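Below: the structure, in structure tokens.
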Amino acid sequence: MALLTIAEALNQALLQEMTNDNRVMILGEDVGQDGGVFRITDGLLQKFGEERVADTPISESGIVGAAIGLAAAGMRPVAEIQFDGFVYPAFDQLICHAARMRNRSRGKYSCPIVVRFPYSGGVRALEHHSESMEVLYIHTPGLKVVCPSTPYDAKGLLIAAIRCPDPVIFMEPKRLYRSLKEDVPEESYEIPLGQARVMIEGTDATVIAWGSMVPIALKAQASFAKENVSLEIIDLRTLSPLDTETILNSVKKTGRCVVIQEGPRTCGLAAEISALIMEKALFDLKSPVERVTGFDVIPPLLQAEDFNIPDDKRLIAGIRKVLA
Amino acid sequence: MGLIDSANPLSDKMIQVLDHEGNFVRPALAAKWDDKTLREIYENMVFLRMADQKLISLQRQGRSGSYPSIEGHEACQIGSSLAIKKTDWIFPAFRELAICYMQGMELEKIFLYWMGNEWGSNAAANVFPVSITVGGHPLHATGYAWALKLQKKPDITVSYFGDGATSTGDFYEAMNFAGVLKIPTIFFCQNNQWAISTPCSKQTAAKTLAQKALACGIPGIQVDGNDIFAVYAVMSEASERARKGLGATLIEAVTYRFGNHTTADDAKKYRPQKEVDAMRKFDPMLRLRLLLQKKNAWDEKFEKEVIARSEEKVRAAVEKAEGFPKPKPKEIFDYLYEKLTPALEEQKAYLLNHLKTYCSTP
Ligand SMILES: Cc1ncc(C[n+]2csc(CCOP(=O)(O)OP(=O)(O)O)c2C)c(N)n1
Ligand SMILES: [Mg+2]
């Protein structure tokens with residue numbers, strides 16, 4: 001056990017998987033000597049050499065497209081895209097190829113790649129460095145989407161993603177990379193994909209969050225606890241496939257639900273969850289499901305960025321609405 | 001005419017006019033700038049380098065966001081600007097403070113952008129917004145110039161980008177369009193040897209970046225990007241060709257990134273200081289000063305005056321940028337579409353009401 005940040009836990013997961021399985025390799029921009037701009041791959045070049053930690057030309061389409069070929073031939077590529085806003089040049093490869101290889105070939109080919117990248121805002125960055133567009137990947141049949149919020153989960157989920165036989169989009173909340181520490185076991189472990197975690201049990205309302213929004217949900221929980229309001233906090237951890245059972249069990253128990261999402265509102269995962277609850281638990285609800293989300297806007301540059309990102313004040317207001 | 005038509009980027013040495021000691025090696029190609037003009041050009045170099053360093057220090061003080069320094073790129077940008085018109089259109093990447101200023105953007109607007117305010121991209125000059133994503137914008141320059149051609153206008157477009165950008169598909173696609181459609185645009189690549197931590201040798205196995213033009217059927221030429229005379233000569237020719245209907249040119253200007261990639265980067269992690277020190281003697285500003293000295297057109301007193309004038313201009317620009325009104329919450333909705341959509345209308349009303357109720361923000 002050691003106290004690790006999310007960044008350190010991810011680095012450890014990569015190190016251990018590369019040690020245990022020599023098919024695992026890393027490719028991306030500045031992942032070698034620089035250790036990635038967030039240092040997630042720090043030290044791996046020195047340990048495994050340039051063949052297994054490859055600095056690529058600036059070409060996201062090239063990175064993901066080559067990873068598809070590498071994976072088909074038996075390697076286990078972990079591709080790093082430098083920021084959320086730079087994945088888009090790779091969309092043809094992700095959507096038209098990675099997501100379809102298995103189905104297209106009726107199982108003859110598969111695509112065991114991981115595409116990792118930092119996402120979320122709140123770090124005063126430049127344009128394209130603050131996006132939360134998980135829904136694009138969730139909406140793409142054939143991709144799995146993972147989004148940890150704690151160091152322990154980050155390690156176990158990344159290991160599970162690397163071992164997963166299907167393509168996994170692995171979104172890392174950049175503003176949590178170094179903001180919290182947690183005990184993380186030294187040994188290698190997996191957290192199965194597709195399982196949400198009930199972080200705190202409660203009875204009065206369910207708050208569903210993932211990635212960057214989880215600390216805000218926890219803050220709201222602590223503040224309501226002082227008023228003797230008991231909130232149940234769910235961290236989804238995997239966004240696709242969604243753990244509908246954990247969501248529905250919780251909502252059936254509490255009868256009230258707020259979903260907090262950093263990304264744009266329309267057609268977001270919060271909307272999907274709200275539809276799910278309407279279909280499967282409508283008659284357990286004591287009030288309509290409330291969404292607290294980013295707006296349907298371009299993430300503003302740093303001077304106005306805070307107007308868009310949901311914070312504890314907005315979440316608390318949303319929770320009061322469902323409790324009323 | 002002739003430099004570009006006869007260029008062979010597979011085998012040529014890069015075009016140089018003034019060497020790093022301030023001697024003309026190809027005087028026939030040298031612009032006939034008189035001492036007064038040369039002193040003005042030098043003053044712009046000093047001034048823009050000071051503006052650049054100011055943004056670095058503002059970032060450190062938390063008064064601005066991450067910023068990519070142009071130190072070392074002054075001859076590329078000032079030299080290429082002198083060879084085109086203010087009515088031409090510029091499509092910058094992000095390391096382009098000097099070209100944006102030279103083409104008429106107010107310095108305070110440039111500062112405002114890096115301070116994280118969208119109004120910094122709304123200036124009167126013919127300069128497109130900064131393109132943070134690498135490689136996409138040469139296509140916009142290509143499309144814009146296509147329209148200029150269709151509309152029979154005399155102007156041209158220029159996109160600026162780095163060595164790293166030449167690895168993107170969009171870059172090839174832009175050159176290919178420009179080749180097929182004979183488009184009046186210039187692809188200006190500032191090869192500063194590095195793309196964050198990735199050296200140019202890991203970006204391509206090609207010997208030059210200029211030769212990438214050949215496959216698209218347009219000329220490519222390599223020029224000493226620390227030599228303002230060489231940049232000016234090649235850019236003048238490329239611009240004349242474009243205006244004459246002879247189509248696009250790829251210019252690879254070989255220069256060096258003296259600073260960190262951005263203020264968020266630490267180049268010590270991947271680049272030996274020895275390399276940077278060794279490149280100092282190729283500093284484009286130094287080269288011009290050596291020339292001025294040889295012509296007895298530079299002394300300490302002039303340098304001091306230049307610095308004093310520049311400091312004052314930089315100070316005034318910071319003051320204006322910092323005095324610019326902070327964005328209002330409503331602004332994040334108002335520019336998405338020409339008219340606010342019903343969903344945005346509702347979201348805007350919610351935010352304004354929320355801020356009034358819980359945050360006492362206007
Ligand atoms: C599509 C895309 N991928 C990755 C990045 C991250 N990034 C920002 S600048 C940069 C290096 C650019 O190198 P180069 O084109 O040589 O320009 P320079 O920074 O040297 O001016 C990278 C990889 C980006 N901005 N856009
Ligand atoms: Mg470069």
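The values are calculated or read from the model by the stated rules, or taken from the named source; none is laboratory data. The structure displayed is predicted, hence computed values, not measured ones. Here the Cβ is made from the backbone with ideal geometry for all residues, glycine too, and neighbour counts use every protein chain on show. To get the accessible areas, we keep the full protein, side chains included, count just its heavy atoms, and leave off ligands, DNA and RNA. Shrake-Rupley method; radii C 1.70, N 1.55, O 1.52, S 1.80 Å.
Based solely on its DSSP helices, what 222 nm [θ] is calculated for chain A when runs of n ≥ 4 H residues each add -39,500 (n - 2.57) and the sum is averaged over all residues, nearest 500 deg cm²/dmol?
About -9500 deg cm²/dmol.
How far is helix B:342-354 tilted, in degrees, relative to the longest principal axis of the Cα atoms in chain B, given as a value from 0 to 90 rounded to the nearest 10?
70
Out of B:38, B:50, B:67, whose Cα points farthest toward the positive end of the dipole of segment B:25-67 (charges: +1 Lys, Arg; -1 Asp, Glu; placed on Cβ)?
With unit charges placed on the Cβ atoms, the residue in question is B:67.
With a 1.4 Å probe and all protein chains kept in place, how much accessible area does residue B:360 have, in Å² rounded to the nearest 10?
Near enough 110 Å² of accessible area.
Which whole-Hz ³J(HN,Hα) couplings does segment A:282-288 yield from phi under the Karplus relation 6.51 cos²θ - 1.76 cosθ + 1.60, θ = phi - 60°, glycine and proline marked x?
With the stated coefficients, segment A:282-288 comes to 3, 7, 8, 7, 9, 7, x Hz.
Throw me the Rg/Rh for segment A:97-208, computed over C-alpha atoms with Kirkwood Rh, two decimals.
1.01
How high is the relative contact order of segment A:197-323, in percent, counting Cα pairs under 8 Å that sit 6 or more residues apart? Mind dumping the intermediate values first?
Details: 225 pairs, mean separation 36.1, N = 127.
Computed over segment A:197-323, the figure is 28 percent.
Report D for segment B:3-326 in µm² per second (integer): Stokes-Einstein, Kirkwood Rh on Cα pairs, 4 °C, 1.567 mPa s.
65
What translational diffusion coefficient, to the nearest whole µm²/s, does segment B:160-295 have by Stokes-Einstein, given a Kirkwood radius computed over alpha-carbon pairs, a temperature of 20 °C and 1.002 mPa s viscosity?
This corresponds to a translational diffusion coefficient of 133 µm²/s.
Enter the mean projected area of the convex hull around the alpha-carbon atoms of segment A:164-259, in nm², rounded to one decimal.
Mean projected area for segment A:164-259: 7.3 nm², to one decimal.
Hey, got the dipole for segment A:215-290? About the Cα centre, +1 on K and R Cβ, -1 on D and E Cβ, debye to the nearest 20?
Here segment A:215-290 has a charge dipole of around 200 debye.
Please state the charge dipole magnitude for the protein assembly as shown, taken about the Cα centre, from unit charges on C-beta atoms (+1 on K and R, -1 on D and E), reported in debye and rounded to the nearest 20.
So the dipole magnitude of the protein assembly as shown works out to roughly 760 debye.
Quick one: Debye curve from the alpha-carbon atoms of the protein assembly as shown only, equal weights, vacuum; give me log10 I(q)/I(0) at q = 0.06 Å⁻¹ to two decimals.
-0.38
Quick one: angle between helix A:6-20 and the longest Cα principal axis of chain A, in degrees between 0 and 90, rounded to 10, please.
Here the helix axis deviates by roughly 40 degrees.
Hey, if we sort A:14, B:150 by accessible area with the 1.4 Å probe, largest down, what's the order?
B:150, A:14
If I take all pairs of Cα atoms in segment A:58-144, what percentage of them are more than 16 Å from each other?
53
For segment B:272-362, what class follows from the C-alpha gyration tensor (a ≥ b ≥ c being the square roots of its eigenvalues): rounded when a/c is under 1.5, otherwise prolate if a/b is larger than b/c, else oblate?
Prolate, because a/c is 1.5 or more and a/b exceeds b/c.
What Rg and what Dmax come out for segment A:197-323 when only alpha-carbon atoms are used, in angstroms?
Taking only Cα atoms of segment A:197-323, I get Rg and Dmax of 13.8, 44 Å.
Chymotrypsin sites (Phe, Trp or Tyr not before Pro), restricted to segment B:277-358: which are DSSP loop and have at most 16 other Cβ atoms within 10 Å?
B:335, B:337
For segment A:10-91, just list the percent of Cα-Cα distances falling in each 5 Å bin from zero outward, please.
Answer for segment A:10-91: a P(r) of 3, 16, 28, 26, 19, 7, 1 percent.
Which far-off residues, 5 or more places away or on another chain, put their amide H under 5 Å from the one on residue A:26, with H placed in the peptide plane?
A:53, A:54, A:78
Between residue A:244 and residue A:298, what is the spin-label point distance in nm, taking each point 7 Å from the Cα along the Cα→C-beta axis?
3.7
For segment A:59-70, take each phi angle, set θ = phi - 60°, evaluate the Karplus expression 6.51 cos²θ - 1.76 cosθ + 1.60, and give the result in whole Hz per residue in order, putting x for glycine and proline.
Result, ordered by residue: 6, 5, 4, x, 5, 6, x, 5, 4, 4, x, 4 Hz.
Give me a single rounded figure for B:62-68: the average over its residues of other chain Cβ atoms within 10 Å of their Cβ. Walk me through the numbers on the way to the answer.
Numbers: counts 1, 0, 2, 9, 6, 1, 1.
Rounded to a whole number, the mean comes out at 3.
Counting alpha carbon pairs within less than 8 Å and at least 6 residues apart, what relative contact order, in whole percent, applies to segment A:2-184?
27
Please identify every one of the GluC sites (Glu not before Pro) in segment A:216-324 that sits in a loop by DSSP and has no more than 15 other beta carbons within 10 Å of its own beta carbon.
A:227
Percent relative contact order of chain A, based on C-alpha pairs within less than 8 angstrom and at least six residues apart?
Details: 724 pairs, mean separation 52.3, N = 324.
Taking the mean separation of contacting Cα pairs over the length of chain A, I get 16 percent.
Counting only trypsin sites (Lys or Arg not before Pro) that sit in a DSSP loop (anything but H, G, I, E, B) with at most 15 other Cβ atoms within 10 Å, what is the longest stretch of chain A containing none of them?
Longest stretch, sites excluded: A:1-105.
Please list the non-local residues whose amide H lies under 5 Å from the amide H of residue B:192, H modeled 1.01 Å from N, same-chain partners needing a gap of 5 or more.
Placed amide hydrogens put B:163, B:255 under 5 Å from residue B:192.
In segment A:160-212, which GluC sites (Glu not before Pro) are in a loop and have at most 16 other Cβ atoms within 10 Å, using DSSP for the loop call?
Passing both the DSSP loop test and the Cβ count: A:186, A:187, A:190, A:201.
Ordered by residue, what ³J(HN,Hα) values in Hz, to whole numbers, does segment B:196-204 give under the Karplus form 6.51 cos²θ - 1.76 cosθ + 1.60, where θ = phi - 60° and Gly and Pro are x?
6, 9, 9, x, 4, 5, 9, 8, 7
Loop by DSSP (not H, G, I, E, B), at most 10 other beta-carbon atoms within 10 Å: where is the longest site-free stretch of chain B for trypsin sites (Lys or Arg not before Pro)?
B:33-151
Name the residues whose placed amide hydrogens come within less than 5 Å of the amide hydrogen of residue A:119, ignoring near sequence neighbours (fewer than 5 apart) on the same chain.
A:172, A:174
Per-residue ellipticity at 222 nm for chain B, helices alone: DSSP H runs ≥ 4 residues times -39500 (n - 2.57), over residue total, nearest 500 deg cm²/dmol?
Numbers: 12 runs with 151 residues, N = 362.
Mean residue ellipticity, 222 nm, calculated: -13000 deg cm²/dmol.
Could you pull the Cα extents of chain A along its three principal axes, largest to smallest, in whole Å?
In descending order, the Cα extents are 59, 42, 39 Å.
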